[in-house]
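First the structure, in the form of structure tokens, and then the observations on it.
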Amino acid sequence: MKSKIILIGGGIAGLSAGVFGQKYGFETEIFEMHTAPGGQCTAWKRKGYMFDYCIEWLMGSSSGSINTLWKQLGALSEDVPIIDPEVFIRNVNSEGQEFLIYKDMQKWQTYLKSIAPEDEEAISRMFSIINKVSLSGDMDEMMKPQSLRRTLPMLKFYLMMLPAIIPIIKYGKKNCGQFIKEMGFKNEFLRNFMEKIYSDENFSAIAFLMMLSLFKDHNAGYPAGGSLNFALRILNEYQKLGGTLSAGKKVEKILVEEGKAVGVALSDGTIHKSDYVIAACDLHRVIYDMLDGQYIPEDIKHAFENWQLFKPLVQVSFGINKEIKEKQMMNNYLVPAKIGSTETDSYIIANYSYDPAMAPEEKTAMVLRFGSPYEIWEHLEKNSYKKEKEKIEEDAINLLEKAYPDIKEFIEVVDVATPLTDMKYTGVYQAAYEGFMPTKSNMNKTINPIIKGLDNFILAGQWLFPGGGLPPSALSGKWAIEVFYKKEKS
């Protein structure tokens with residue numbers, strides 16, 4: 001008789017664990033509180049438009065070990081086009097000046113030197129560092145859980161990574177602002193834009209550099225169809241393998257007997273027993289609610305007390321009855337604005353015209369996103385919440401009109417998703433959509449998925465890795481299954 005694994009959460013981590021669980025011969029069932037899979041990797045339809053919430057670029061879109069993982073999960077295949085717009089993001093300041101970041105790093109380097117010839121040496125030095133931190137080599141051994149990695153292949157991996165180790169150690173201890181200052185750009189235009197774009201005082205420099213190294217390797221494209229279709233392809237693979245998704249089922253408690261996880265209790269009062277439990281959902285809710293605070297490892301306690309969370313997002317989505325073509329994916333307005341009760345230094349307008357799945361023919365889906373502190377939302381009640389959404393909609397339409405004059409008359413759908421929307425459908429703690437922010441103090445740290453004293457239980461998902469994201473989520477699901485498989489065979 002097959003051992004049964006219950007997976008809490010149908011996001012990318014849970015779906016990944018489900019696929020690999022079925023492949024390794026377990027019986028698996030996913031309990032997902034929402035009616036759709038994907039977790040943060042999602043989108044929703046309104047009157048023929050698809051409004052995407054997650055993927056702007058995907059690590060492993062074209063090659064390497066992560067690409068192999070996506071193919072194993074069914075998320076990517078030869079049938080899924082990868083879209084790489086020429087310009088990744090167009091930045092605009094209060095004076096209307098623009099600064100482009102190209103997806104092709106060679107093209108971006110040429111562009112930077114054309115606008116700041118006096119900084120040719122500094123620009124070359126920055127790109128030399130980007131080249132060194134590339135993760136394009138063989139990472140197969142790193143795709144295994146730490147406890148299963150073999151010594152000799154890991155030594156070979158570290159030797160291969162030797163050129164990257166020094167900059168990773170050096171810039172892992174710096175934030176983006178410190179890195180940009182260290183480059184010593186003389187050109188005021190270049191320096192001001194770089195400082196404004198990466199002004200967060202805590203965001204890790206190495207996270208920024210690794211993103212650019214993926215662009216350099218042409219390995220950070222956008223999968224056509226967007227986030228929801230990405231998740232649905234994994235679900236399809238999971239169900240083809242015989243796995244079960246129970247959607248609209250919220251787990252309230254993890255059942256523990258004699259120090260072992262033995263199943264879950266749902267909000268509808270039903271009890272479901274299993275041999276193993278994988279919690280691939282919100283970490284705070286697992287530790288402090290589902291386990292009643294009975295198991296609080298020091299690393300998790302420290303993280304919630306000391307690590308910065310991602311600031312929640314507000315997304316205002318627009319269905320535009322007009323085709324608006326642009327060469328870039330995103331427009332980043334480095335312009336102070338008040339949107340509803342939120343005062344922000346910047347906001348992004350994303351144009352999904354490059355993906356035909358997002359809107360009917362000759363129409364365009366666009367979204368405006370901005371960070372909004374959780375404190376604004378945590379005590380809002382029904383009437384005040386409704387008024388806040390109405391004011392956000394009004395302000396967002398006005399900002400869209402500034403960017404695209406006369407667009408108002410073509411707007412036929414407006415949808416406002418707030419931090420409370422995110423919490424309602426995913427249960428994410430304080431609407432921190434990617435968990436812990438990667439900073440110079442935690443960039444090289446992870447949370448142990450094994451909880452001492454609780455057997456047959458393991459954690460998975462982006463909360464285990466500062467910076468979050470899809471690749472670590474998928475990997476953690478795979479690792480959880482491999483740990484249980486080893487236990488079964490021992």
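The values are calculated or read from the model by the stated rules, or taken from the named source; none is laboratory data. These numbers come from a predicted model, not from an experiment. Neighbour counts are summed over all protein chains in view; Cβ atoms, including those assigned to glycine, are modelled from backbone coordinates with ideal geometry.
Counting only strands (runs of 3 or more DSSP E) wholly contained in segment 339-421, no element carries 2 or more residues that are among the hydrophobic types (A, V, I, L, M, F, W, C), free of Cβ contacts under 8 Å to residues at least 12 places away in the same chain and in the same structural domain as Gln40 (by TED's automatic domain parsing). Quick one: Ser199 ticks every box in (1) hydroxyl-bearing (Ser, Thr, Tyr); (2) at pLDDT below 75; (3) closer than 30 Å to Thr68 by Cα except a single one, so which number is it? So Ser199 meets the others, but not (3). Please indicate, with yes or no, whether at least one residue in segment 34-48 is in contact with a Pro (Cβ under 7 Å, 6 or more places away or on another chain) and within 21 Å of Leu212 (Cα to Cα). Among the residues of segment 34-48, not one is in contact with a Pro (Cβ under 7 Å, 6 or more places away or on another chain) and within 21 Å of Leu212 (Cα to Cα), which makes the answer no. Within segment 200-259, track down each residue that is more than 21 Å from the chain's Cα centre (by Cα), more than 23 Å from Arg285 (Cβ to Cβ) and of a type in the set (D, E, K, R). Matches in segment 200-259: Glu237, Lys240, Glu258. Here Asn67 qualifies as of a type in the set (S, T, N, Q), within 25 Å of the chain's Cα centre (by Cα) and surrounded by 14 or more Cβ atoms within 10 Å (Cβ to Cβ).
Among Asn444, Asn448, which is the only one that is out of contact with any Phe, Trp or Tyr (no Cβ under 8 Å at 6 or more places or on another chain) and either more than 22 Å from Val483 (Cα to Cα) or in a strand (DSSP E or B) (or both)?
On the way: Asn448 fails: either more than 22 Å from Val483 (Cα to Cα) or in a strand (DSSP E or B) (or both).
One residue alone meets the criteria, Asn444.
Taking the criterion of being touching an Asp or Glu at 6+ places or on another chain (Cβ under 9 Å), among the aromatic types (Phe, Trp, Tyr) and assigned to a helix (DSSP H, G or I), the only residue of segment 215-243 that qualifies is Phe215.
Inspect all residues belonging to segment 472-483 and state whether any of them is surrounded by fewer than 24 Cβ atoms within 10 Å (Cβ to Cβ), assigned by TED's automatic domain parsing to the domain that holds Gly18 and in contact with a strand residue (DSSP E or B) (Cβ under 7 Å, 6 or more places away or on another chain). Within segment 472-483, one or more residues are surrounded by fewer than 24 Cβ atoms within 10 Å (Cβ to Cβ), assigned by TED's automatic domain parsing to the domain that holds Gly18 and in contact with a strand residue (DSSP E or B) (Cβ under 7 Å, 6 or more places away or on another chain).
Take Ile450 and tell me if it is in contact (Cβ under 8 Å) with a residue 12 or more places away in the chain, in contact with a Gly (Cβ under 7 Å, 6 or more places away or on another chain), β-branched (Val, Ile, Thr) and assigned by TED's automatic domain parsing to the domain that holds Ala280. Spell out how you get there, then give the answer.
Numbers: in contact (Cβ under 8 Å) with a residue 12 or more places away in the chain: yes; in contact with a Gly (Cβ under 7 Å, 6 or more places away or on another chain): no; β-branched (Val, Ile, Thr): yes; assigned by TED's automatic domain parsing to the domain that holds Ala280: yes.
When the stated conditions are applied, Ile450 does not pass them.
Return the residue satisfying two criteria in turn: it lies in segment 1-26 and is farther than 17 Å from Ile234 by Cα and modelled with pLDDT of 95 or more, and of such residues it is surrounded by the fewest Cβ atoms within 10 Å (Cβ to Cβ). Walk me through it before giving the result.
Let us first name the residues in segment 1-26 that are farther than 17 Å from Ile234 by Cα, namely 1-6, 25-26.
From what's left, modelled with pLDDT of 95 or more: 3-6, 25-26.
Values: Ser3: 18, Lys4: 17, Ile5: 26, Ile6: 25, Gly25: 10, Phe26: 22.
Residue satisfying both the conditions and the ranking: Gly25.
Taking segment 1-48 as the region of interest, the strands (runs of 3 or more DSSP E) fully inside it that hold 3 or more residues being among the acidic types (Asp, Glu) are 27-32.
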